[in-house]
Amino acid sequence: MAGRLQPVLAGVVTALVGFASSFTVVLAGLRAVGADPAQAASGLLVLCLASGACAVWLGLRHRLPLAIAWSTPGAALLVATGPIPGGWPAAVGAFLLTGALIVAAGLIPALGRAVAAIPAPIAAAMLAGVLLPLCTAPVRALVEVPRLAGPVVLVWLLLHRFARRWAVPGALAVAVVAIALTTTGPARLDVAPVIALTTPAWTLPAVVGLALPLFLVTMAAQNVPGTAVLAGFGYRAPLGSALRVTGLATVLGAPAGGHAVNLAAITAALAAGPDAHPDPDRRWIASVTAGIGLALLGLGAGVATALVLLSPPVLVEAVAGLALLAALAGAVSAAVAEPYAREAAVVTLVVTASGVSLLGIGGAFWGLVAGCLMLLLFRRASATPAVAAPVDPNGRPGVDADLAVSHRPS
């Protein structure tokens, strides 16, 4: 009995941590690209239901701990992108196209290889640029609403030190208490579960500036790391099957406001690690339980949205920023890890974080373009004839350290 209970409890923890740690990011992202409160609540609900259904199906089919989640970096991208030409219908169209691209990546291996061909430092820098503006929200909240934000940040720091997995849920709980103590009126939102459908529309700025970056961020920051986490615990993820299932779920959920469903990266270890069960062949129970739990938590999407509406916007962003600090640290580290691409990665980060919009297309796309162009420029420069290499005392050609850095292939 104890052996069966352990993976079930691990799945419950996975669902709770996954939902509580980033649902504020999802709501902030959907609202940023034009969703009204009911549409945002619908998007959160359908993401929970779609993620849960995918986790149950994939777990039962493959008997592997394939935890499924919404794209948290993708939601941060929505915050960074902001309103787009065509409004919410155009955003929904971008979500639908993102799902179609994920399905295509599962059906056409060459497409997956093309995404993987984007230099890792550039992809990481784009992600860091997307996350950076949101991660500054805790600082702004401490200045704008110190009485509310102070306890939130303090609890996050303490739990991050002593019980890291509960740091963001704990900070969220403190924020809920602070909102309850300071609010003076009820939320103007029906908290019952609701599905609000929107007819998708397509505009070139939404396709280029939102759909493509959302696809790339979801693949590079969720699906690829998710498979890496599973590999670290000895599992070979059926990536093609996972992409097809999660991509189809994204397509079906897009009209209701779901932006992207994918393999979990942040919470994957909770279901795939030894804490879920000593026997690796039994850990799939944890991911299936997590899927059921996440679907049930989705029924409270209306309540969660009402809570967000009652709080100062900067406080909601602060909780979201705290949830993404670890992801930002990892992205920055990966972006500057390779000396040959360091300058190009910094350019990508700066352009993406600037939030510039050119031709109606957001900064994430232009950051990716700027970084790749700069990397290509350096590669061509390194291919030009150079002065004779120095010779060491033994008569062998030597290589100057700075030249070795700039000539490193990508």
*Please specify each residue of region 120-132 satisfying the condition of being over 11 Å from Leu325 (Cα atoms) and either at pLDDT 80 or above or buried (at least 24 other Cβ atoms within 10 Å of the Cβ) (or both).*
Pro121, Ile122, Ala123, Ala124, Ala125, Met126, Leu127, Gly129, Val130
*Within region 177-185, is there a residue that is crowded, with 16+ Cβ neighbours inside 10 Å and closer than 27 Å to Leu328 by Cβ?*
yes
_Anything in region 1-53 that is of a type in the set (S, T, N, Q), over 17 Å from Ala75 (Cα atoms) and buried (at least 24 other Cβ atoms within 10 Å of the Cβ)? List them, or say none._
Thr14
_Residue under question is Arg342, and the condition is that it be open to solvent by 30 Å² or more (accessible area, probe 1.4 Å), at pLDDT 80 or above and basic (Lys, Arg); does it hold?_
yes
*asked:* Given the condition open to solvent by 40 Å² or more (accessible area, probe 1.4 Å), at pLDDT 75 or above, assigned to a helix (DSSP H, G or I) and among the hydrophobic types (A, V, I, L, M, F, W, C), answer yes or no: does some residue in region 313-325 qualify?
replied: yes
*asked:* Among the residues of region 154-176, what is the count of those that are closer than 15 Å to Val319 by Cβ, among the small types (Gly, Ala, Ser) and either open to solvent by less than 40 Å² (accessible area, probe 1.4 Å) or in contact with a Ser or Thr (Cβ under 6 Å, 6 or more places away or on another chain) (or both)?
replied: 4
*Please enumerate the residues belonging to region 280-312 that are open to solvent by 10 Å² or more (accessible area, probe 1.4 Å) and of a type in the set (Val, Ile, Thr).*
Ile285, Val288, Thr289, Ile292, Val303, Val308
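Listed here are the residues, each with its yes/no results for (1) aromatic (Phe, Trp, Tyr); (2) in contact with a helix residue (DSSP H, G or I) (Cβ under 8 Å, 6 or more places away or on another chain); (3) within 30 Å of Glu338 (Cβ to Cβ); (4) not in a helix (DSSP H, G or I).
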residue: Leu27; (1), (2), (3), (4): no, yes, no, no
residue: Ala35; (1), (2), (3), (4): no, yes, no, yes
residue: Ala40; (1), (2), (3), (4): no, yes, no, no
residue: Val56; (1), (2), (3), (4): no, yes, no, no
residue: Arg61; (1), (2), (3), (4): no, yes, no, no
residue: Leu64; (1), (2), (3), (4): no, yes, no, yes
residue: Ala69; (1), (2), (3), (4): no, yes, yes, yes
residue: Gly99; (1), (2), (3), (4): no, yes, no, no
residue: Ala123; (1), (2), (3), (4): no, yes, yes, no
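The values are calculated or read from the model by the stated rules, or taken from the named source; none is laboratory data. These numbers were taken from a predicted model, which means no experiment stands behind them. As a convention, Cβ positions derive from the backbone with ideal geometry for all residues, glycine included, and neighbour counts pool all protein chains shown. To get the accessible areas, we keep the full protein, side chains included, count just its heavy atoms, and leave off ligands, DNA and RNA. Shrake-Rupley method; radii C 1.70, N 1.55, O 1.52, S 1.80 Å.
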